[in-house]
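Remarks on the structure that follows.
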Amino acid sequence: WKEHSMIFAMPSKPGEFSRFDFPDVLPAPLNGIWAILKNNEMLTWPEKVRFAIGLLPAMLGGQAYVEAQDGLSVKEWMKKQGIPERVTDEVFIAMSKALNFINPDELSMQCILIALNRFLQEKHGSKMAFLDGNPPERLCMPVVDHIQSLGGEVRLNSRLQKINLNDDGTVKSFTLSNGNVVEGDAYVIAAPVDILKLLLPEEWKEIPYFKKLDKLVGVPVINVHIWFDRKLKNTYDHLLFSRSPLLSVYADMSVTCKEYYDPNRSMLELVFAPAEEWIGCSDSEIIEATMKELAKLFPDEIAADQSK
Ligand SMILES: Cc1cc2nc3c(=O)[nH]c(=O)nc-3n(C[C@H](O)[C@H](O)[C@H](O)COP(=O)(O)OP(=O)(O)OC[C@H]3O[C@@H](n4cnc5c(N)ncnc54)[C@H](O)[C@@H]3O)c2cc1C
């Protein structure tokens, strides 16, 4: 677990961070309100007050209010609530990109309110943690071990290829990409939404439940890992909000994650988002664009042309 804070890079003051620190002695939502009030670099006092007033219906209205906001984008909702545009620019571009990999003019306000409500209701709702190693070993393997300990079996490289149906439209079996056919008491598909839509049998496509999938689309996002030949100084043992137009959050894994610990060389993991226009580009084009953004975040240490 890291310190209970949200830490933002300052594009206007490269090399400096602006922090929202949630004090441990206060319960939610007071710890969050304190974190917002104590932050001076990003928001002025009038902005904080108008932001807090605008958020009131969300705090009081509960789940029904949150769900009713699905038709509005983050930007539209902020305008409707009279929250200054600078609050959206300073805080919610970073938050929208970190939570859903898209900008506030595209993202549904429901997504932000679900997260904000969690932060306001649970004392540790916004606290962040890092795995102590790579996800396949430290996240997936314990899940596999648990399934196997209960007599289950995990088969890799055997994708679901076809959902076979009975005459009444229920599932008869799954055909896998290796040709095997599996039958079960219950069938669960946890594939990404765009893949599920391709797998959906014709017979199911007009059923209202599945029809709702039409509007669900995946959001392209790119994860960039860069190994440096030196230790970057301007990092911190935490997830950092870059506030760059191309990048979202990033972390120096040589500091934040035990397995990648290195006192002499940094390893940055960065989320590149929104990535719709970039997802088809080559790795070198993506690295080049990332390095240009990093040159702004680390002006004393990184140059896009590698002269530093
Ligand atoms: C860049 C990035 C950074 C993120 N950072 C964080 C973070 O810091 N913290 C956090 O909590 N969340 C984070 N998330 C979100 C988190 O990764 C997802 O919410 C989570 O992985 C979703 O899990 P899932 O099992 O629903 O889907 P996925 O993890 O997408 O798993 C779907 C699986 O289905 C498999 N599959 C595809 N087709 C088939 C098929 N035909 N048959 C069988 N299997 C198939 C895929 O191979 C995949 O393994 C991040 C996501 C991204 C992309």
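The values are calculated or read from the model by the stated rules, or taken from the named source; none is laboratory data. None of these values were measured; they are calculated from a predicted model. All Cβ positions, glycine included, derive from the backbone under ideal geometry; neighbour counts span all protein chains shown. The protein model used for the area step is the full one, side chains on, heavy atoms only, and it has no ligands, DNA or RNA in it. Shrake-Rupley method; radii C 1.70, N 1.55, O 1.52, S 1.80 Å.
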Seminar exercise, completed: Subset of region 211-224, residues modelled with pLDDT of 90 or more and surrounded by fewer than 10 Cβ atoms within 10 Å (Cβ to Cβ), comes to 212, 214
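Residues are listed down the side, and each one gets a yes or a no for (1) of a type in the set (D, E, K, R); (2) in contact (Cβ under 8 Å) with a residue 24 or more places away in the chain; (3) open to solvent by 20 Å² or more (accessible area, probe 1.4 Å); (4) not in a helix (DSSP H, G or I):
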site: 92; (1), (2), (3), (4): no, no, no, no
site: 96; (1), (2), (3), (4): no, no, no, no
site: 102; (1), (2), (3), (4): no, yes, yes, yes
site: 106; (1), (2), (3), (4): yes, yes, yes, yes
site: 115; (1), (2), (3), (4): no, no, no, no
site: 120; (1), (2), (3), (4): no, yes, yes, no
site: 141; (1), (2), (3), (4): no, no, yes, no
For this session: Kindly list, by first and then second residue, each pair from a residue in region 148-165 that is at pLDDT 95 or above to a residue that is open to solvent by 100 Å² or more (accessible area, probe 1.4 Å), limited to pairs with Cβ atoms under 9 Å and residues at least 6 apart or on different chains.
Result: 152/146; 163/172; 164/172; 165/172; 165/203
Seminar exercise, completed: Just one listed residue, out of 3, 41, 47, 16, is under 26 Å from residue 76 (Cβ atoms), acidic (Asp, Glu) and open to solvent by 10 Å² or more (accessible area, probe 1.4 Å), and it is 47
For this session: Restrict the check to region 97-112 and report whether at least one residue is closer than 24 Å to residue 225 by Cβ, in contact with a strand residue (DSSP E or B) (Cβ under 6 Å, 6 or more places away or on another chain) and at pLDDT 90 or above.
Result: yes
For this session: Go through region 270-308 and count every residue that is surrounded by 13 or more Cβ atoms within 10 Å (Cβ to Cβ) and either of a type in the set (Phe, Trp, Tyr) or over 15 Å from residue 224 (Cβ atoms) (or both).
Result: 8
Problem set entry | Residue match in region 202-210 (condition: touching a helix residue (DSSP H, G or I) at 6+ places or on another chain (Cβ under 6 Å) and either open to solvent by less than 80 Å² (accessible area, probe 1.4 Å) or not assigned by TED's automatic domain parsing to the domain that holds residue 158 (or both)) | yes
Seminar exercise, completed: Counting only helices (runs of 4 or more DSSP H) wholly inside region 207-308, the ones holding at least 3 residues that are farther than 26 Å from residue 12 by Cβ are 208-211, 283-297
Problem set entry | Residue, least open to solvent (accessible area, probe 1.4 Å), within region 164-186, restricted to residues that are of a type outside the set (D, E, K, R), within 17 Å of residue 203 (Cβ to Cβ) and more than 10 Å from the ligand (Cβ to nearest atom) | 173
